[in-house]
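Q: Before I ask anything, let me first share the structure, which is written out below as structure tokens.
Every read-out reported here was derived from the displayed coordinates using simple, explicitly stated rules and does not represent laboratory data. Quick caveat, the model's predicted, so the values are computed rather than measured. Note that we place each Cβ from the backbone using ideal geometry, even for glycine, and neighbour counts take in every protein chain shown.
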Amino acid sequence: MNIVAPESLIFWTTIIFLLLLFLLRKFAWKPILGAVRTRETSINDALAAAEKARLEMQNLHADNEKLLQEARAERELMLKEARELKTKMISEAKDEAKAEADKMVAQAQAAIESEKKSAIAEMKQQVASLSLEIAEKVMKKELSDKEKQLKLVDEMLGQAKLN
């Protein structure tokens, strides 16, 4: 057999190929497959972690929505309570102001009535005083004369009725 002949080239190529295949299988195939498996495992783990993170994000989003709705409901409740409290306070203030105004009106009416009675009493006192002064002056004038005094006494005695 001739080593350079074309028939021997196929033989040697086959032997080298088989030898290379054996060496690759013995030394390189397991590390390459291990690296591929490790890479596949890490990719699968990363995909699982991403899916888990996506699910957690969905759960967090749902929780956030729920908390947001609860916060809105609580805010609405607080606003409603504040409106009711405001209305109640305004109503109480109006009632209190009305009661105070009624009390002030009643006090003013009582004061006016008291002043009126006081004025009437003072007027009666002045009228009585004036009447006495007028009567005194009239009496002095009429009684200055002795004859008129006797006449007045007789008239008074005539008017006085004895029981």
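Q: So, counting K/R as plus one and D/E as minus one, what does the shell of residues with Cβ under 12 Å around residue 106 add up to?
A: Result for the local shell: -2.
Q: If you don't mind, there's one more thing I want to ask. For residue 123, what is the net charge nearby, where nearby means another residue's Cβ is under 11 Å from its Cβ and Lys, Arg count +1, Asp, Glu -1?
A: +2
Q: Still on this model: First select every other residue whose beta carbon is under 13 angstrom from the beta carbon of residue 47; then total the charges, Lys and Arg +1, Asp and Glu -1.
A: Value of the local net charge: 0.
Q: Another question about this same structure. How much length is gained on full extension from residue 52 to residue 28, taking 0.36 nm per residue of separation minus their Cα-Cα distance?
A: Extending this stretch completely gives an extra 5.1 nm.
Q: Of the residues 148, 103, 94, which exhibits the maximal mean-square fluctuation in a Gaussian network model of the chain defined by a 10 Å Cα contact cut-off?
A: Result: 148 has the largest fluctuation of those listed.
Q: Can you tell me what percent of all Cα-Cα pairs in the stretch 6-159 are more than 21 Å apart?
A: 82 percent
Q: Continuing with this model, one more query. Report the calculated FRET efficiency for residue 131 and residue 97 (r = Cβ-Cβ distance, R0 = 41 Å), to the nearest 0.05.
A: The formula returns an efficiency of 0.25 here.
Q: List the lysines whose alpha-carbon lies under 27 Å from that of residue 140, not counting same-chain residues fewer than 8 positions away?
A: 124, 148, 151, 161
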